[in-house]
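Everything on this sheet refers to the single structure shown next.
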There are 2 protein chains.
Amino acid sequence: MSEKNFHQHQHDISSAVINRLPRYYRYLRDLLDSGVQRINSAELSRIMGVTASQIRQDFNCFGGFGQQGYGYNIANLYENIGELLGVREGNTAIIVGCGNLGRALAPSRVFSKRGVTLEALFDISPHIVGGSCGGLVVKDMSELESYCNSYKPKIAVLCVPRFAAEETARRLVDAGIVGIWNFTNVEFTKEELGVPVENVHLGDTLMTLCYSLREEKEEEEKNA
Amino acid sequence: MSEKNFHQHQHDISSAVINRLPRYYRYLRDLLDSGVQRINSAELSRIMGVTASQIRQDFNCFGGFGQQGYGYNIANLYENIGELLGVREGNTAIIVGCGNLGRALAPSRVFSKRGVTLEALFDISPHIVGGSCGGLVVKDMSELESYCNSYKPKIAVLCVPRFAAEETARRLVDAGIVGIWNFTNVEFTKEELGVPVENVHLGDTLMTLCYSLREEKEEEEKNA
């Protein structure tokens, strides 16, 4: 697909499709890593547990057309989804709040795998500031504004305690941060903060799991 | 609502509703913590950014009926959703793999807030086994089967490296684990493992955020 076609197709994509793309991106990377070069929608459907027609519809949204009889070129598709999702934008990030979760995220590959460079860590505690994590030295929050002014990081990973969430989020936006990956359990919206936010709620999936366990147990009791 | 009505209503709830319940649960807890006792669907709609009719439909699914002119009794609703989601089942959990993420989860309140008791940690590395985290001593994986046999933990939080994911997941199910909270980035299904699984993919929301950043940038460039 030409660059021109790609850009013609990439607008007006529904948020439902956008939310499904990271999962395709993961599966396509696994296929590439296994040395697979082409795949048709039926085979991808089998692997991913999504209908083939859903896959075709989703990929058509951004002009990811398979060739009749040949299927999809995985490398191209991976590249196009990556471009669409901003993997090649050279995004930079800082972690704000280096408690257990911040320190777990800092050395992880979650950033680099998506084209994001983690550049700095911040905390307020004298016990944590000056220590190192994931190859970076934790800076004091008092340096936040001057750091952002000099280096213009794009994304802040918000890992502060709940009570400090709102104040810190607003301070980050004032300092020029343009996107917040929010782990505080306080939900923010783009309308409130003026920049895109993704709220992560780890506990929600634990609750869904507990629901399934209860359902299974009742099913067993019924059949006993 | 009587116990009988509650149990009559709680079956046949769509997974879409179930997946929305943990978010209601969080908001209701915040309201309770703020001392609010009643709320109508219009007000909850404003706070949560969901339509009032969606809220009424969702709550009706499990018999959470508001009273005309009085709205919902928050404590009751919180209790009912909690029961439906298995918060009162006395679930127990173990963390398997005590790298950065496992060690971040161990001391967090993510378990206790949902009625789950974290009871043991396991790892394979001699550098990690014997150390303590979140008040628990990390056990060697060789003790897994005998531990499960004695204590019958329900949930395993799977935080092992990707290459060990499948083998470890099957070993946990063989040892009697009945639900897996999976952080390995390898997707499992209930069909494959024979027990309910929730797959967590932190990186997916980072990608969605990067997409929003790219969209914002293009919007600005267009308006410049």
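Data overview
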item	result
Estimated dipole of region A:1-127 in Debye, rounded to 20 [Cβ of Lys and Arg +1, of Asp and Glu -1, Cα centre]	300
Cα extents of region A:52-184 along the three principal axes, largest first (Å)	62, 28, 27
The protein assembly as shown, dipole about Cα centre (Lys/Arg Cβ +1, Asp/Glu Cβ -1), debye to the nearest 20	100
Label spacing, shortest first and in nm, from B:Glu221 to its equivalents in the remaining copies (7 angstrom along Cα→Cβ)	5.9
Stokes-Einstein translational diffusion, the protein assembly as shown - Kirkwood Rh over all Cα pairs, 1.567 mPa s, 4 °C, in µm²/s	54
Lys/Arg +1, Asp/Glu -1 at C-beta; region A:96-224 dipole; positive extreme among A:Gly97, A:Tyr147, A:Thr205	A:Tyr147
Under 11 Å, Cβ to Cβ, from B:Arg114 - net charge with Lys/Arg +1 and Asp/Glu -1	+3
Charge tally in the Cβ shell below 14 Å around B:Tyr24, where Lys, Arg are +1 and Asp, Glu are -1, B:Tyr24 excluded	-1
Distance cut-off 13 Å, percentage of C-alpha pairs in region B:39-105 lying past it	71
Enclosed volume per residue, in Å³, of the convex hull spanned by Cα atoms of chain B	187
Whole-Hz couplings from phi, Karplus 6.51/-1.76/1.60, listed for region B:77-86; x for Gly and Pro	4, 4, 4, 5, 5, x, 5, 4, 7, x
Proximal aspartates and glutamates to A:Lys139, defined as alpha-carbon separation beneath 14 angstrom and excluding residues fewer than eight positions away on the same chain	A:Glu119, A:Asp123
Cα centroid of region A:142-213 to Cα centroid of region B:101-140, whole Å	26
Heavy atoms of B:Val137 accessible to a 1.4 Å probe, total area in Å² rounded to 10	90
Interface residues in region A:192-211 - accessible area drops by 50 Å² or more relative to the isolated chain, probe 1.4 Å	A:Pro196, A:Glu198, A:Leu202, A:Asp204, A:Thr205, A:Leu206, A:Met207, A:Thr208, A:Leu209, A:Cys210, A:Tyr211
Phi-based couplings in Hz for region A:22-37 (Karplus 6.51, -1.76, 1.60; Gly and Pro marked x)	x, 5, 4, 4, 5, 5, 5, 4, 4, 5, 4, 4, 8, x, 7, 10
Estimated [θ] at 222 nm from DSSP helical runs (n ≥ 4, -39500 (n - 2.57)) normalised by residues in the protein assembly as shown, nearest 500	-14000 deg cm²/dmol
For region A:152-163, Karplus couplings with θ = phi - 60° (6.51, -1.76, 1.60), whole Hz, Gly/Pro x	6, x, 8, 10, 10, 9, 8, 10, 7, x, 3, 5
Teacher prompt: A:Ser132 distances to equivalent labels in other copies, 7 Å Cα→Cβ, nm	2.9
Residue of chain A nearest the A-to-B rotation axis [by Cβ], rounded angstrom distance	A:Ala104, 2
Cβ charges +1 (Lys, Arg) and -1 (Asp, Glu), total dipole of region B:72-224, debye	560
Inter-copy label distances at B:Asp12 (7 Å, Cα→Cβ; nm, one decimal)	4.0
Å² of accessible area per residue within the protein assembly as shown, as computed with a 1.4 Å probe and no ligands counted	48
Region B:16-75, accessible surface, carbon-and-sulfur percent (1.4 angstrom probe)	47
Reciprocal of mean inverse Cα separation for region B:118-224 (Kirkwood radius, Å)	16.1
A versus B: buried accessible surface, summed, Å² (probe 1.4 Å, to nearest 100)	5400
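The values are calculated or read from the model by the stated rules, or taken from the named source; none is laboratory data. Quick caveat: nothing in here was measured; it's all calculated off a predicted structure. Neighbour counts are summed over all protein chains in view; Cβ atoms, including those assigned to glycine, are modelled from backbone coordinates with ideal geometry. Areas reflect the complete protein model, heavy atoms only, side chains present, ligands, DNA and RNA absent. Shrake-Rupley method; radii C 1.70, N 1.55, O 1.52, S 1.80 Å.
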